[in-house]
Amino acid sequence: MTTIAATASAAAGPTGQASPKRRRRRTWPVVLLLLGPAALLIVVFILAPAVYGAYLSLTNTQLTGFAARDPQFVGVDNYTYLLSNSEFLASLGRTGEFVLYSAIIGQTVLGMTAAVLLARPWVRGKGLVGAAILMPMVVPEVVASLAWASVLSNNSAGTLNRLTGLFGADATDWLQVVPLASVVVVNIWRGIAFAMIMFQAALEDVPGELIEAARMDGATALQIFRFVTLPLIRGPVFLYLLLTTISTIGAFGLVYFLTQGGPGGRTTISAIYIYERALQFSQIGIGSAASMILLALVLVLGLVYVRLAKVEV
Amino acid sequence: MKRIRMIALVAAGTVVASALSACSGGSEDGGKDGSDGPVTVSVMEFQQSRIDAVAKLIPGFEADMKKQGKDIKVKLVADPLTDDQFKTKVTQQLIAKQAPDLIDIGDSLVPGWAGAGYLAPLDDYLKGWDGWDHYYPHIKKAMVRQDGKIYALVHDTGVQNLFYRKDQLTQFGIDTAQPATWDDLISRLEQIKQKTGGTPIVIPAGTAWGGSTWTEGFQPILGGTDKNYYSLETGKWDLKSPGFRAVFDLYHTMYSKGLLPVQDLENPNPWEPTKYVKFPEGKIQVSAQGTSGWKFDWGPQGKAPIKGLNEKVDTWQYPGLRSGDAPFGWSGLGFGYGIPASSPNKDAAMLLAQYLSTGKPLADQLVSSGAASPRDDLADVKPYADEPKLLQAGKDLATSVYVPTGDGAEQVAQAVAAATELIINGKADGAQAYDAFLKNATDLLGPTLVKE
C-alpha cells in the first residue's frame, strides 16, 4: 500500500496536484497486476461454478441415462423434493451434530485450553506439547484417516482395542458401534491445532497489566478468563468459530475415508449425501440443489457469527 | 508506466494461459485413425487380476497388428479401484471427453453410459467381424440395449449362484443337496446357526454394498421369480410387479431369523469381512456369488484364497421363492469392452477389443478373472480348457435366467439399497421396505420410466 501511494505521489510531479481520476488511471495496471490473477481465479474456480451449480439445481440434469442428453428446467422441484426428503433432512441434522460436537465444542474448547496452558510461564516442555498438537494438522487427510482407521480397527490388533483389552474388554468395532462419536473425535484431533494457533495469537494481544490488575483485585483464574480475557479475544474467537463451522460443514474426506457415511447412514453428513446423490447416483440436479441449500445455511450462520462478534470480514 | 502495463499484461496472459492449459486435456496420441502415423490406443482396467492379464497380452496385439501393417501401440491405464470409484471416475472422464479409448466395463454400467450417449455403438464393427458369429445367440441378444444397439462387446460372463461350504455342512450333518425352495434353504441355515451361533448366509444388502446390492443380491432372486419388472420394449419399470414384495419379505425373513451378518453388511466395504474373511474361515457358510468366486475371490491367486477350494466349496442354484418357481442360476453379462463416443481412435480400439475377445488372449483373461466364455469356440483353448468349473458355468449359461434392463437401473438399485438398509437396521419389515422402495423408486425414476 505504501509503495502504491509513493508511486502515485511521485507520478503527480513536483506540484503534487494530480487529480484523483488521473491518479486512478495511472495506478490501474498495478492494481490489475496485484488483484487480477486472484480475481480471475476466484471468478473461474469459485463464482462461475457456483453460478452454474445454482443453474443446475433448477434442472433435472443427470450424469447418466437418457435424461443426461436433454436436461429440463424443473423450477424449484429439486428444492421441494429435498426439503421433504427425510434422508436429506437427517443428513442436515447429523451435520449439525458433527459441527456442534467436533468444531464448536471440541476443537474450540480444547484449542482454547491448549492455548491458555501454553501461555502460562510455569508450563514446561511447551515446544514438545505444541509440536504434538500441531502434528495432526500437518498430516494429510487421507493419511490421518488411514491412521485412525487402524486405531479404531475392529480386530484385536486395533490400537484402541489393545488399550481396552488391557482392562479385559472384548474387541469392539468402534466405527460400527459409535460411528458418529468416532468421526467427531477424529475431527477434534485434527482441528485442535488451528484453534490453538489462533487463540495463542489472540491471547498474546491481551494486555498483561489488565490481568495483573484483576489478579490484585482478588479475581480467580477462572474469573479472569471469563471476565477479562474472553471479552478481549471475542473477535478472534468468533472468527475462528466462523471458519471452523464453514470448514466442518463442508467436511468430506475424513468422514468418507473412515465410514463412507455408514453404517446405516449414521455418518451420512450433508457433504456425503451430496456426493452420493451427485456423483454416485448421477443426479447432479438434486446434488446441486442440496449444495445450494447448504450454501444458504452457511451464509446464514456466517452472518450470525459476524453480527455476534462484530468481526470485519 | 508502460513497463508496468506490460508486466500486468504478461501476468494476466500467463494466468489465462495456465488456466486454459489446465482445463485442456493432454493428448499422448501419436496419431489418429485415418492418419498415416502410428496410433496409440489406451485401454483401462480397474481390477488387479484384469490389469495383470491384459498387460501380458498387449505385446502380442502390437506384434499382430504389425504383421498386418498397422502401427498401433497400446497404453494400459491400470487404475485399481472399487466398482463405485470406477464408475464415479470414468463417468467424469466420459463427460469431459477424456476417457481412455477402450474401457473394460461391468455390464451394469452400460445402460446408463449408453443412454447418455457416452459410448459409441459397436454394431457396424461387429457385423464385419468373423468372431461375432461365434457368440452364443442368447448372449448376443442380451447385449442389445433399449435403443436396439450394442455398446459393449462382452468378453466374459458368469452364472450367479449360492456358493456353500460343503465341508462344513457335511461335518454338521446337514443336507447338501440342491434346496428346492427358500423355505428348505432357510431351514438348513437355521440348523447351521444352531450349531455355530453365527450368521450363516451373506447376500448383498443395504447401502454400503453400493450397486451390487441390486445386481448381485436382490436382482438375481427377483429375476428367478418375476421377469416382468422391466420391459425392454417400453423402457418402463413395473414397480408393482409382485416379485419385489416377495424378495423384500425374503430379506426380512432372513434378518428376523438372525441369518444375515448385519453388522458386516454395514461395514464400509462389506465384502471384506464377509466374502474375504468369514466365508474363507468357515464362519459364513453360504454366499451369493458369481462364477468369479472360483478364481477372482477364492482361487489360489484370488483376493482370499481357500485351500482345497474345489473340495471344500460347491454351488447351489437359487431355490424357488414363490409357489411354482424352480431352482435357477442367474446369468450376468460380466464385463465388456466399450469405446467412448468421443474417442479419436475407435477403429484401433475396436481391433484391440476384438483381439482380447478371441482365442488364447480371451482364454487367458477368463481364467485370470474366473469367468465363462460368451463364445462357442473356447472350450478347447487352453488354459480355459483346463478349468472344469468355468466350462460348466459356460454350459449353465444357456439355461440361466437373465432379465436385461435399461435406463433407470441405477435409480432402482439406489432405492433397493435404501429399502434393504431399512430391513437390516430393523426399521422395516418386508411390506414397509417395499412401500419405502416404491415411493423412493417412483420419485427417482420419474413418470417417464415407470409403468402406470
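Report, by chain and number, residues whose modeled amide H sits under 5 Å from the one on residue B:154, excluding near sequence neighbours (fewer than 5 apart, same chain).
B:337
Need one number: convex hull volume per residue for segment B:121-254, Cα atoms only, in Å³.
157 Å³
Place +1 on the Cβ of every Lys and Arg and -1 on the Cβ of every Asp and Glu in segment A:134-236, take the dipole about the Cα centre, and give the residue among A:177, A:188, A:139 whose Cα lies farthest towards its positive end.
It is A:177, whose Cα lies furthest towards the positive end.
Just checking the output field for A:26-35: average partner chain Cβ neighbours within 10 Å of each residue's Cβ?
4
Largest first, please: the extent of the C-alpha atoms of the protein assembly as shown along each principal axis, to the nearest Å.
Cα spread of the protein assembly as shown along its principal axes, largest to smallest: 96, 73, 52 Å.
Would you mind checking which residues have amide H under 5 Å from residue B:333's amide H? H placed 1.01 Å from N; only 5 or more apart, or other chain.
Those qualifying (amide H under 5 Å, at least 5 residues apart or on another chain) number zero.
Short version: ³J(HN,Hα) in whole Hz for each residue of segment B:105-110, in order, from phi by Karplus 6.51 cos²θ - 1.76 cosθ + 1.60 (θ = phi - 60°), x for Gly and Pro, what are they?
Once rounded to whole Hz, the list reads 10, x, 4, 5, 8, 4.
Find the accessible area per residue for chain A; the probe is 1.4 Å, ligands and nucleic acids are left out, and the unit is Å².
Working: 17030 Å² over 313 residues.
Accessible surface, normalised per residue, equals 54 Å².
With +1 assigned to the C-beta of every Lys and Arg and -1 to the C-beta of every Asp and Glu, and no other charges, what is the dipole magnitude of chain B about the Cα centre in debye, to the nearest 20?
On the way: 46 positive and 54 negative charges, 187 e Å.
It comes to approximately 900 debye.
Magnitude of the Cβ-charge dipole of segment B:87-185, K/R +1 and D/E -1, about the Cα centre, nearest 20 debye?
The dipole magnitude comes to about 360 debye.
Restricted to Cα positions, what overall size does segment B:177-233 have along the principal axes? Three whole-Å values, descending.
Each principal axis gives a Cα extent; for segment B:177-233 these are 49, 29, 13 Å.
Counting alpha carbon pairs within less than 8 Å and at least 6 residues apart, what relative contact order, in whole percent, applies to segment A:81-309? The partial results should precede the final answer.
Numbers: 237 pairs, mean separation 63.6, N = 229.
After rounding, I find 28 percent.
Check cross-link reach from residue B:73 to the aspartates and glutamates: straight Cα distance under 15 Å, and skip same-chain residues fewer than eight apart.
Within the straight-line cut-off, residue B:73 pairs with B:28, B:29, B:33, B:36, B:62, B:64, B:101, B:347.
Nearest 5 percent is fine: what portion of the DSSP beta bridges confined to the protein assembly as shown is antiparallel?
On the way: 27 of 41 bridges.
Counting DSSP beta bridges with both partners in the protein assembly as shown, the antiparallel share is about 65 percent.
Filter B:195/B:307; B:295/B:395; B:56/B:360; B:307/B:382; B:307/B:395; B:312/B:395 down to the pairs with a C-alpha to C-alpha distance above 20 Å, please.
B:195/B:307; B:307/B:382; B:307/B:395; B:312/B:395
Cα gyration tensor of segment A:25-92, axes a ≥ b ≥ c as square roots of the eigenvalues: rounded (a/c below 1.5), prolate (a/b > b/c) or oblate?
Prolate, since a/c reaches 1.5 and a/b exceeds b/c.
Step through the residues of segment A:262-269 one at a time and calculate ³J(HN,Hα) from phi using the Karplus curve (6.51 cos²θ - 1.76 cosθ + 1.60, θ = phi - 60°), rounding each to whole Hz and writing x for Gly and Pro.
For segment A:262-269, the Karplus-derived couplings read x, x, x, x, 6, 10, 6, 7 Hz, x marking Gly and Pro.
I'd like the trypsin sites (Lys or Arg not before Pro) in segment A:30-129 restricted to DSSP loop residues with at most 13 other Cβ atoms within 10 Å, sorted by number.
Listed in order of number, the matching sites are A:69, A:124.
Counting Lys and Arg as +1 and Asp and Glu as -1, each charge on the Cβ, what is the dipole of segment A:81-309 about the Cα centre in debye, to the nearest 20?
Taking the Cα centre of segment A:81-309 as origin, the dipole is about 120 debye.
Looking at the square roots a ≥ b ≥ c of the eigenvalues of the Cα gyration tensor of chain B, which shape do they give, rounded for a/c under 1.5, prolate if a/b is larger than b/c, or oblate?
prolate
State whether chain A is rounded, prolate or oblate according to the following rule on the C-alpha gyration tensor (a ≥ b ≥ c being the square roots of its eigenvalues): a/c under 1.5 gives rounded; otherwise a/b larger than b/c gives prolate, and the remaining case gives oblate.
Oblate shape, in that a/c is at least 1.5 and b/c is the bigger or equal ratio.
What are the residues whose amide H is under 5 Å from the amide H of residue B:202, where those residues sit 5 or more places off or on another chain and H is modelled from the backbone?
B:286, B:287, B:288
The values are calculated or read from the model by the stated rules, or taken from the named source; none is laboratory data. As the structure is a prediction and not an experimental result, all values here were calculated from the model. FYI the Cβ positions are ideal-geometry reconstructions off the backbone, even for glycines, and counts take in every protein chain you see. With ligands, DNA and RNA removed, areas are computed over all heavy atoms of the protein, side chains included. Shrake-Rupley method; radii C 1.70, N 1.55, O 1.52, S 1.80 Å.
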